[in-house]
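Asks: This is the structure, below, for whatever I ask next.
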Amino acid sequence: MAKKVVLAYSGGLDTSVAIKWLSSKGYEVVAYMADVGQESDFEAYKKRALKTGAVKVVVDDLKAEFVKDFVFKALKADALYEGGYLLATALSRPIIAKGLVKTAEKEKAGFVAHGCTGKGNDQVRFEVATMALNPTLKIIAPVREWELKTRSEEIKYAKDNFIPIDTTKKKPYSIDVNLWGISIESGKLEDPYYEPDEDIYCLTKGIDKASGRAAYIEIEFKKGIPVTLNGEAMSGVDIILKLAKIAGDAGVGRSDMIENRLVGIKSREIYEAPAGWTLYTAHKALESLVLDRELLHFKEMVSLKYADLVYYGLWYSPLREALDKFIDDTQKYVSGTVRLKLHKGNCSVVGRKSPNSLYKKELATYEEGDKFDWSLAKGFIELWGLPYKGRGKK
Ligand code: ARG
């Protein structure tokens, strides 16, 4: 009986070639396509996979689960890697791996495969997730193993083997897309001093093209989760899609980074996450209103650790699960509404309100009605400064 492998298939060059390559090594290939909001032409890619030699193609709509169980967990955590990456690609890997493992179990396949290169983070994420979910499955990474060292060699292999690939000249970059955002790398971007052309961006307008009129929006959160946009109740997926359009038109959500990969390399990455940035900004603004100082500051440390775990491929780990319990506990206060102004690349918070607000006007005011006891300040400062009084002076 042929060995059976379930391959995470995107429809692109690498994974198309991988179908043929795996078949030539004696594997029966099931192509698994996860829909995480990348808006691919799944029907066309399904035909392509079958034509290339897959025995079966599975298309799995994971959008709602992706938002609920991955993206919104990261939003509640305020997870941001190295100050600029909202982790769109990194968050999608564990859910795709989960679908891959499930499909392998259903199909009674002993192997799973992915099309990641040998120098990126994604190979780590796919493989560690697979190991955690089902350690009996064997993992094959064709791109790491085959002899095709360059893109042109792959294209030649595809042509020689009659593998249908896109002949139209696509953008000369590596682009990964899902609901939460887009990651763009390689090509001319490999020069860190090179300013990207406007046409690399897919979701956001440049400052010059963005509307001159500010867009005002209102987002309501319940326990850390966005539930309405401009007063209208919507699913998480719809809030993200609607916001991506509004914020993208205003030029919000771009970042250009030199980033530290887990595998030790620094790389140039361009990200677009218009909905992500808006929700992240709004969520933090609401937290600043309802969380007390100690909880807020401690949570900031947790956010950094959480982002590292997601980035490093440790989604299915006891620490991530434990941190989620802590974060969920903090989110019981995070209900309320945030108003934002989106204009020419800026995403500014202009208002926030919550039934759990800890802001007390009678304590903060410099006007009539001040209830703050000024006389307490003197003694407080005396004791606070005591350890430092005359420090170093004999
Ligand atoms: N550097 C990002 C990460 O490791 C994105 C990787 C995928 N990017 C791409 N353009 N294929 O999460």
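The values are calculated or read from the model by the stated rules, or taken from the named source; none is laboratory data. In this text the structure is predicted, and so the values were computed from the model without any measurement. Don't worry about glycine lacking a Cβ; one is built from the backbone with ideal geometry, like all the others, and counts go over all protein chains shown.
Asks: Tell me, yes or no, whether the range 147-163 has at least one residue that is modelled with pLDDT under 95, within 30 Å of Ala104 (Cβ to Cβ) and within 16 Å of the ligand (Cβ to nearest atom).
Replies: The answer is yes; a qualifying residue exists.
Asks: Of the conditions (1) out of contact with any Leu (no Cβ under 7 Å at 6 or more places or on another chain); (2) within 16 Å of the ligand (Cβ to nearest atom), His297 fails just one. Which one is it?
Replies: So His297 meets the others, but not (2).
Asks: Then there's this: State whether one or more residues within the range 87-100 are of a type outside the set (Phe, Trp, Tyr), surrounded by 14 or more Cβ atoms within 10 Å (Cβ to Cβ), more than 21 Å from the chain's Cα centre (by Cα) and within 16 Å of the ligand (Cβ to nearest atom). I'd like the intermediate steps shown before the answer.
Replies: Step one: filter the range 87-100 for residues of a type outside the set (Phe, Trp, Tyr), giving 87-100.
Of the ones still in play, those that are also surrounded by 14 or more Cβ atoms within 10 Å (Cβ to Cβ) are 87-100.
Narrowing the set further to residues that are more than 21 Å from the chain's Cα centre (by Cα) leaves none.
Among the residues of the range 87-100, not one is of a type outside the set (Phe, Trp, Tyr), surrounded by 14 or more Cβ atoms within 10 Å (Cβ to Cβ), more than 21 Å from the chain's Cα centre (by Cα) and within 16 Å of the ligand (Cβ to nearest atom), which makes the answer no.
Asks: Just to be sure I understand, how many residues within the range 254-278 are assigned to a loop (DSSP other than H, G, I, E, B) and near the ligand (Cβ under 9 Å from one of its atoms)?
Replies: We begin by selecting, within the range 254-278, every residue assigned to a loop (DSSP other than H, G, I, E, B); these are 261-265, 273.
Narrowing the set further to residues that are near the ligand (Cβ under 9 Å from one of its atoms) leaves 261-262.
Of the residues in that region, 2 qualify.
Asks: Turning to a different aspect of this structure: Considering only the range 239-253, state which residues are more than 15 Å from the chain's Cα centre (by Cα) and either within 15 Å of the ligand (Cβ to nearest atom) or not in a loop (DSSP other than H, G, I, E, B) (or both). First the steps, then the outcome.
Replies: So the first thing to find is which residues in the range 239-253 are more than 15 Å from the chain's Cα centre (by Cα), and the list is 239, 242-243, 245-252.
Scanning the range 239-253 gives Ile239, Lys242, Leu243, Lys245, Ile246, Ala247, Gly248, Asp249.
Asks: Could you tell me whether any residue of the range 204-224 is in contact with a Gly (Cβ under 8 Å, 6 or more places away or on another chain), more than 11 Å from the ligand (Cβ to nearest atom), part of a strand (DSSP E or B) and not hydrophobic (A, V, I, L, M, F, W, C)? Explain how you work it out, then say what you get.
Replies: Filtering the range 204-224 down to residues in contact with a Gly (Cβ under 8 Å, 6 or more places away or on another chain) leaves 204-207, 209-210, 218, 220-221.
So of that shortlist, the ones also more than 11 Å from the ligand (Cβ to nearest atom) come out as 204-207, 209-210, 218, 220-221.
If we keep only those that are part of a strand (DSSP E or B) too, we end up with 218, 220-221.
Applying the additional criterion that residues be not hydrophobic (A, V, I, L, M, F, W, C) yields 218, 220.
Yes, that holds for at least one residue.
Asks: Output yes when any residue across the range 130-137 is without any contact (Cβ under 8 Å) to a residue 24 or more places away in the chain and within 25 Å of the chain's Cα centre (by Cα), and no when none is.
Replies: Yes, the range 130-137 contains at least one residue that is without any contact (Cβ under 8 Å) to a residue 24 or more places away in the chain and within 25 Å of the chain's Cα centre (by Cα).
Asks: Okay, moving on. Within the range 329-378, track down each residue that is assigned to a helix (DSSP H, G or I) and within 19 Å of Tyr280 (Cβ to Cβ).
Replies: Within the range 329-378, the first condition is being assigned to a helix (DSSP H, G or I), and the residues that meet it are 329-331, 361-364, 375-378.
Scanning the range 329-378 gives Thr330, Gln331.
Asks: With respect to Glu82, determine if the residue is away from the ligand (no atom under 12 Å from the Cβ) and of a type outside the set (Val, Ile, Thr). Quick ask: steps written out before the conclusion?
Replies: Values: away from the ligand (no atom under 12 Å from the Cβ): no; of a type outside the set (Val, Ile, Thr): yes.
So Glu82 fails the test.
Asks: Might you let me know whether the range 175-192 holds any residue that is within 26 Å of Val237 (Cβ to Cβ) and either away from the ligand (no atom under 16 Å from the Cβ) or in a loop (DSSP other than H, G, I, E, B) (or both)?
Replies: yes
Asks: Tell me the residue from Tyr194, Tyr173 that is of a type in the set (Phe, Trp, Tyr), touching a helix residue (DSSP H, G or I) at 6+ places or on another chain (Cβ under 7 Å), closer than 30 Å to Asp69 by Cα and without any contact (Cβ under 8 Å) to a residue 60 or more places away in the chain, please. Give the steps one after another, and end with the answer.
Replies: Details: Tyr194 fails: closer than 30 Å to Asp69 by Cα.
Only one candidate qualifies: Tyr173.
Asks: Also: Mind checking whether some residue in the range 307-319 is more than 16 Å from the ligand (Cβ to nearest atom), surrounded by fewer than 14 Cβ atoms within 10 Å (Cβ to Cβ) and over 30 Å from Tyr173 (Cβ atoms)?
Replies: If we filter the range 307-319 for residues that are more than 16 Å from the ligand (Cβ to nearest atom), which is where we start, we get 316-319.
Among the residues that remain, those that are also surrounded by fewer than 14 Cβ atoms within 10 Å (Cβ to Cβ) are: 318-319.
Remaining after also requiring over 30 Å from Tyr173 (Cβ atoms): 318-319.
Yes: one or more hits.
Asks: Within the range 35-48, identify whether any single residue is touching a strand residue (DSSP E or B) at 6+ places or on another chain (Cβ under 6 Å), under 18 Å from Gly236 (Cα atoms) and crowded, with 21+ Cβ neighbours inside 10 Å, and answer yes or no. Let's see the steps before the verdict.
Replies: Of all residues in the range 35-48, those touching a strand residue (DSSP E or B) at 6+ places or on another chain (Cβ under 6 Å) come to 35-38, 42, 46.
Okay, now just the ones that are also under 18 Å from Gly236 (Cα atoms), so 35-38.
Add one more test, that the residue is crowded, with 21+ Cβ neighbours inside 10 Å, and what stays is 36-37.
The answer is yes, given that some residue of the range 35-48 is touching a strand residue (DSSP E or B) at 6+ places or on another chain (Cβ under 6 Å), under 18 Å from Gly236 (Cα atoms) and crowded, with 21+ Cβ neighbours inside 10 Å.
Asks: Mind checking whether some residue in the range 362-371 is farther than 28 Å from Tyr85 by Cβ and of a type in the set (Ser, Thr, Tyr)? Give the steps one after another, and end with the answer.
Replies: Initially, the range 362-371 is screened for residues farther than 28 Å from Tyr85 by Cβ, giving 362-371.
Keeping just the survivors that are of a type in the set (Ser, Thr, Tyr) gives 365-366.
The answer is yes; a qualifying residue exists.
Asks: Next up: Are any of the residues in the range 128-139 within 16 Å of the ligand (Cβ to nearest atom) and over 30 Å from Thr278 (Cβ atoms)? Quick ask: steps written out before the conclusion?
Replies: Applying the first criterion (within 16 Å of the ligand (Cβ to nearest atom)) to the range 128-139 yields 128-129.
Remaining after also requiring over 30 Å from Thr278 (Cβ atoms): 128.
Yes, the range 128-139 contains at least one residue that is within 16 Å of the ligand (Cβ to nearest atom) and over 30 Å from Thr278 (Cβ atoms).
Asks: A further question on this structure: Looking at the range 193-203, which of its residues are within 12 Å of the ligand (Cβ to nearest atom) and either loosely packed, with under 11 Cβ neighbours inside 10 Å or assigned to a loop (DSSP other than H, G, I, E, B) (or both)? Walk me through how you get there before you give the answer.
Replies: Of all residues in the range 193-203, those within 12 Å of the ligand (Cβ to nearest atom) come to 200, 202.
Scanning the range 193-203 gives a single hit, Cys202.
Asks: Next question. May I ask you to list pairs of residues, at least six apart or on different chains, whose Cβ atoms are under 7 Å apart, with the first in the range 73-92 being more than 17 Å from Glu269 (Cβ to Cβ) and the second being more than 13 Å from the ligand (Cβ to nearest atom) and not in a helix (DSSP H, G or I)?
Replies: Within 7 Å, the pairs are Lys76/Gly224.
Asks: Residues of the range 294-338 being small (Gly, Ala, Ser), touching a residue at least 40 places away in the same chain (Cβ under 8 Å) and farther than 24 Å from Lys119 by Cα, which ones?
Replies: Ser303, Ser335, Gly336
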